[in-house]
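Step one of this worksheet: look at the structure below.
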Amino acid sequence: MSQPTIQIVRTTPFSDQKPGTSGLRKKTKVFMQKHYLENFVQSVFNAVQEKFNVAFKEETLVVGGDGRYYNRIAIEKIVSLAVANGFGKVMIGRAGILSTPAMSAVIRRHKALGGLVLSASHNPGGIDADFGIKYNIRNGGPAPENITEAIYQHTLKVSDYRIVDPDIDIDHEHSTTIGNTTVTVFDPLADYTAVMQELFDFGALQKLFASGFKMRFDAMHAVTGPYAHHILEGCLGAPLGTVVNGVPKEDFGQGHPDPNLVYAKDLVDYLFGENAPDFGAASDGDGDRNLILGKNFFVTPGDSLAIIAEYAQRAIPGYKTGLSGVARSMPTSTAVDRVARFYAMQCYETPTGWKFFGNLMDADKCTICGEESFGTGSNHVREKDGLWAVLCWLSILAHTGKSVVEIVEEHWQKFGRSYYQRHDYEGIDSAGANKMMAFLKENLASLVGTSIADTKVNQADDFSYTDPVDGSVSTKQGVRLLLGDGSRIIFRLSGTGTEGATLRIYIERFHQDGGKSDINQILKPLIDAAKEILKLKDYCGVDEPTVVT
């Protein structure tokens with residue numbers, strides 16, 4: 001066995017490598033700078049070794065991504081760094097493909113030290129678009145804040161990185177040895193499919209499709225395509241053509257791989273057309289988000305989470321023993337809270353970011369969880385999971401024999417409806433947005449007791465969270481206005497974009513009216529009040545959102 005030559009490359013730090021809620025995201029060309037990716041990956045290795053005091057020679061690292069531009073080159077560099085840093089084993093998804101939930105499944109099933117996910121999630125791909133990298137820890141979930149902060153501190157002082165020059169064929173499954181490292185290229189579908197088979201009754205779902213049930217799944221030319229072709233059409237017998245846009249492309253077919261009503265317009269139009277199938281769904285760039293549609297009907301992420309929690313024990317074998325609890329991110333609608341109360345389950349409210357659910361799951365406090373940003377998941381992995389959510393809905397449809405609309409309307413009759421919208425203002429001026437949020441926070445106290453939208457402000461704060469497992473505290477997680485009638489207005493600047501700022505305003509008003517009212521009429525007073533409180537037009541020069549979901 002020949003030993004590769006380890007090169008120690010001198011470098012200087014970059015000042016902009018602080019991971020956000022979903023890793024490090026930048027324009028692709030930023031990552032293409034000399035030393036940029038290498039600096040960050042070496043800093044990840046340095047931080048992990050420092051934090052966990054592990055011997056890399058005894059550990060496995062998993063690598064894969066969503067297939068976007070620069071994915072393959074980044075994988076070659078990461079493998080070179082991992083070999084030089086002495087990992088015992090490196091596992092690579094064939095062709096560099098590995099969805100984010102599949103990454104979590106592989107880490108957990110193979111007891112790996114962790115994995116590097118190459119994705120900017122729902123952001124566009126291409127040389128002029130976005131790229132990202134995220135480290136997932138041994139439980140399969142995103143690195144918590146103490147780890148990402150340690151990584152950042154190492155990026156500020158990294159002076160060299162270790163690298164070799166291996167020539168790896170990542171397009172065919174095989175194992176090879178480079179120095180003391182076993183490099184294995186594996187089937188990215190196998191472990192994930194096995195987990196789904198453990199959770200869901202594939203026989204029941206095969207019968208659903210055999211009965212003539214029709215659906216369309218839009219993979220948006222992103223990573224979920226191969227998984228959906230394999231599971232829906234291959235394992236479950238859905239007709240060929242059920243999955244569209246199923247081949248991952250480096251630029252996502254020049255589309256925006258975000259499964260919402262704007263960017264999945266073709267799917268939405270099809271489900272709202274004359275010959276609509278029974279069910280429609282989509283997933284995003286890295287496979288962790290989902291869009292759920294019925295005939296002429298959109299299921300909001302908050303309602304979807306609540307309905308999955310309502311039916312999980314009855315409709316999905318993997319949850320037949322019950323749920324230990326449920327959780328939602330703070331901006332997500334309170335629909336699941338009412339399900340939790342009905343079934344006497346604990347419901348946790350966390351900051352935005354999937355890593356906050358990981359501690360709850362590891363401590364068996366939470367089984368199913370979700371975020372309003374089209375993310376739903378459970379303790380089968382430590383990431384949100386788009387295709388899992390689709391299989392949940394198929395299981396509910398098979399169990400009830402009812403339509404999507406009937407299921408949602410019955411839920412509203414039983415639990416009431418959270419009339420809910422998220423308004424995104426994308427690419428706004430960062431300086432103006434920061435000044436606007438500073439103005440809002442300075443005036444929070446004065447808002448308490450004021451009248452808005454036919455009710456009063458009972459509480460105005462910047463949300464903070466104390467983790468019930470480890471006691472860690474996360475502050476400044478979003479400004480909340482909690483109103484006297486149970487309504488909520490929430491303001492956040494998003495940390496997932498790469499250009500300008502994205503302001504998100506979340507509007508919620510609960511009614512026990514069977515869900516029959518006009519949502520725009522119900523929410524308009526709150527929306528108008530939110531804009532006035534922010535002085536949005538004055539600070540940012542905009543008045544209408546880019547996307548409403």
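Worth pointing out:
- Where a residue in region 19-44 is under 13 Å from LEU116 (Cα atoms) and its partner, wherever it lies, is charged (D, E, K, R) and in a loop (DSSP other than H, G, I, E, B), with Cβ under 8 Å and at least six apart: LEU24/LYS18
- Counting the residues of region 292-326 that are in contact (Cβ under 8 Å) with a residue 60 or more places away in the chain, more than 22 Å from GLN197 (Cα to Cα) and open to solvent by less than 10 Å² (accessible area, probe 1.4 Å) gives 6.
- Filtered residues of region 112-148 (kept if small (Gly, Ala, Ser) and either without any contact (Cβ under 8 Å) to a residue 24 or more places away in the chain or surrounded by fewer than 21 Cβ atoms within 10 Å (Cβ to Cβ) (or both)): GLY126
- Note on region 327-353: among residues that are open to solvent by 10 Å² or more (accessible area, probe 1.4 Å), assigned to a loop (DSSP other than H, G, I, E, B) and on the phi < 0 side of the Ramachandran plot, the one that is modelled with the lowest pLDDT is THR352.
- Note on region 161-176: residues that are open to solvent by 50 Å² or more (accessible area, probe 1.4 Å), closer than 29 Å to THR12 by Cα and not in a loop (DSSP other than H, G, I, E, B) amount to 1.
Residue-by-condition table, conditions (1) within 26 Å of TRP388 (Cβ to Cβ); (2) in a helix (DSSP H, G or I):
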{"position": "TYR69", "(1), (2)": "no, no"}
{"position": "ILE73", "(1), (2)": "no, yes"}
{"position": "LYS77", "(1), (2)": "no, yes"}
{"position": "SER80", "(1), (2)": "no, yes"}
{"position": "MET91", "(1), (2)": "yes, no"}
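- Here TYR539, TYR506 are screened, and the one residue that is under 18 Å from SER418 (Cβ atoms) and not in a loop (DSSP other than H, G, I, E, B) is TYR506.
- Number of the exception - VAL448 against (1) among the aliphatic types (A, V, I, L, M); (2) open to solvent by less than 20 Å² (accessible area, probe 1.4 Å); (3) farther than 13 Å from ARG492 by Cα: (2)
- For the condition open to solvent by 10 Å² or more (accessible area, probe 1.4 Å), in a helix (DSSP H, G or I) and more than 26 Å from VAL326 (Cβ to Cβ), GLY273 does not qualify.
- Scanning region 1-46 for residues that are touching a Gly at 6+ places or on another chain (Cβ under 9 Å) and crowded, with 17+ Cβ neighbours inside 10 Å turns up THR21, SER22, GLY23, LEU24, ARG25, LYS26, THR28, PHE31, VAL44.
- Among the residues of region 355-365, none qualifies, meaning not one is outside any strand (DSSP E or B), out of contact with any strand residue (DSSP E or B) (no Cβ under 6 Å at 6 or more places or on another chain), among the aromatic types (Phe, Trp, Tyr) and open to solvent by less than 10 Å² (accessible area, probe 1.4 Å).
- Test: residue in region 177-194 that is outside any loop (DSSP other than H, G, I, E, B), out of contact with any strand residue (DSSP E or B) (no Cβ under 8 Å at 6 or more places or on another chain) and open to solvent by less than 20 Å² (accessible area, probe 1.4 Å): yes
Okay, residues lined up against (1) small (Gly, Ala, Ser); (2) touching a His at 6+ places or on another chain (Cβ under 6 Å); (3) on the phi < 0 side of the Ramachandran plot:
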{"residue": "MET220", "(1), (2), (3)": "no, no, no"}
{"residue": "ASP269", "(1), (2), (3)": "no, no, yes"}
{"residue": "GLU274", "(1), (2), (3)": "no, no, yes"}
{"residue": "PHE279", "(1), (2), (3)": "no, no, yes"}
{"residue": "SER283", "(1), (2), (3)": "yes, no, yes"}
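- Scanning region 411-427 for residues that are in a strand (DSSP E or B), open to solvent by less than 10 Å² (accessible area, probe 1.4 Å) and either at pLDDT 95 or above or farther than 30 Å from ALA501 by Cα (or both) yields SER418, TYR419.
- Options LYS134, LYS111; residue that is among the charged types (D, E, K, R) and part of a strand (DSSP E or B): LYS134
- Residue pairs meeting the criteria (Cβ under 6 Å; at least 6 apart or on separate chains; first under 11 Å from VAL381 (Cα atoms), in region 188-202; second outside any helix (DSSP H, G or I)): VAL195/HIS380
- Filter result for ARG417 (under 24 Å from VAL542 (Cβ atoms) and among the basic types (Lys, Arg)): no
- Residues considered: HIS423, HIS399. Of these, the only one that is closer than 30 Å to VAL117 by Cα and in contact (Cβ under 8 Å) with a residue 40 or more places away in the chain is HIS423.
- When region 218-245 is filtered for residues that are farther than 19 Å from ASN123 by Cβ, touching a residue at least 12 places away in the same chain (Cβ under 8 Å) and either touching an Asp or Glu at 6+ places or on another chain (Cβ under 9 Å) or assigned to a helix (DSSP H, G or I) (or both), the ones remaining, listed by number, are PRO226, TYR227, ALA228, HIS229, HIS230, ILE231, LEU232, CYS235, PRO239, THR242, VAL243, VAL244.
The values are calculated or read from the model by the stated rules, or taken from the named source; none is laboratory data. What you see is a predicted model, and the numbers here were worked out from it, not measured in a lab. Don't worry about glycine lacking a Cβ; one is built from the backbone with ideal geometry, like all the others, and counts go over all protein chains shown. Just the protein is used for accessible areas: all its heavy atoms, side chains included, with ligands, DNA and RNA removed. Shrake-Rupley method; radii C 1.70, N 1.55, O 1.52, S 1.80 Å.
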